[in-house]
Structure formats: C-alpha cells, structure tokens
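The values are calculated or read from the model by the stated rules, or taken from the named source; none is laboratory data. What you are looking at is a predicted structure, and each value in this text was computed from that prediction instead of being measured. Here the Cβ is made from the backbone with ideal geometry for all residues, glycine too, and neighbour counts use every protein chain on show. These accessible areas exclude ligands, DNA and RNA; they are computed on the full protein's heavy atoms, side chains included. Shrake-Rupley method; radii C 1.70, N 1.55, O 1.52, S 1.80 Å.
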Amino acid sequence: MEFVRQLLLFLHFIGLAVLIGAFVAQVATRPENGRYLPGTGMLHGALTQLVTGLALVGVLESGDDPVNHPKVGVKLLVVLAVLVLLVMGRRKPLAKGAFMAIGLLALVNVGVAVFWT
Ligand code: HEM
C-alpha cells in the first residue's frame, strides 16, 4: 500500500506541475482581445489533482494514521473552484482577473498542502 501512496503522490506532483506550469506559460503570452482561453494543460493538471487527491485520501483512510479531513475538504473545494473557472473559460474566454484567480487558487492549494500540518 505504501508504494501505491507514493505512486499517487508522484502523479499528484506531476498534476501540480502541469497545472501551474501551463498557467505560467499562458500568463507570459498576449491574450486575444484581452481575454484568456485556459489551455488544455491546465484542465488536465486540475483533473489530475482531483483524481489523485481523492485516491490519496482513500489510501490514507485505509492506514492507521488519522486523515486531516478539514484540510482535504478545503483542497477539494479549491480544486472544484479551479475546475469551474476552467470549464467556464473554455466555453467563453475569461477576463484577466478570473484567469489569474485560477493560478492563485492553485497556489493556495500548495500552501494548504504544505503549511496546514
Ligand atoms: C490544485 C490542487 C492541488 C494541489 C496544488 C495540491 C498540492 C499538494 C502537495 C504539494 C502535496 C504534497 C505535500 C504533502 O504531502 O503534504 C499534496 C499532498 C496531498 N494532497 Fe494535494 N493538492 C491539490 C489537490 C488535492 C485534492 C483535491 C485532494 C483531495 C481531495 C488532495 C489530497 C492530498 C493528500 C491526501 C495529500 C497527502 C499525501 C500523503 O501524505 O501521502 N490534494 N497535495
């Protein structure tokens, strides 16, 4: 089970890199008409975070250590907000503020993961 947890955590880090990497790459480009169509990488990165995060919770629940439910609950809400913005943005490109909120929320989740002990 420890190997499964490590593998999921590995994929969780890849998803984090893809989401934030794709965001940073897109911030560096000039948007069309001042509006941003979030790239596929951001969507795939966020979905990877959702799936691997939930699977990690499942694996941790089967172990002996207590799971920090409020912490994973906050991370879940944040990633769902990211996904809502991404789906909205792929239907109709987002204003700068909404697009920036996606990157900010992703960073919030890194902060929650690291500082909420
Ligand atoms: C943008 C979304 C997310 C980001 C950037 C993110 C980031 C991270 C990072 C950096 C870690 C490693 C630090 C640590 O182990 O404490 C981590 C671990 C973890 N994340 Fe996420 N996460 C996201 C979404 C989620 C979601 C939606 C869930 C579950 C609902 C989740 C559940 C977990 C769990 C359970 C761990 C701990 C793994 C362990 O201790 O073995 N994450 N996350």
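Descriptive notes on the structure:
- Segment 2-115: relative contact order in percent, alpha carbon pairs under 8 Å with at least 6 residues between: 33 percent
- Helical segments meeting 30 Å axial Cα length and Kyte-Doolittle 1.6 threshold in the chain (DSSP H): 2-27
- Probe 1.4 Å, protein heavy atoms only - accessible area per residue of the chain in square angstrom: 61 Å²
- Chymotrypsin sites (Phe, Trp or Tyr not before Pro) lying in DSSP loop within segment 40-117, provided at most 15 other Cβ fall within 10 Å: TRP116
- Measure of compaction for the chain (Cα Rg per 2.2 N^0.38 Å): 1.13
- Carbon and sulfur %, accessible surface of the chain computed with the full protein complex present, 1.4 Å: 72 percent
- Spin-label pair HIS69/ALA17, simplified geometry with 7 Å Cα→Cβ offset, distance in nm: 3.4 nm
- Mean residue ellipticity (222 nm) of the chain, computed from DSSP H runs ≥ 4 via -39,500 (n - 2.57), nearest 500: -27500 deg cm²/dmol
- For ILE14, solvent-accessible area (1.4 Å; no DNA, RNA or ligand), Å²: 80 Å²
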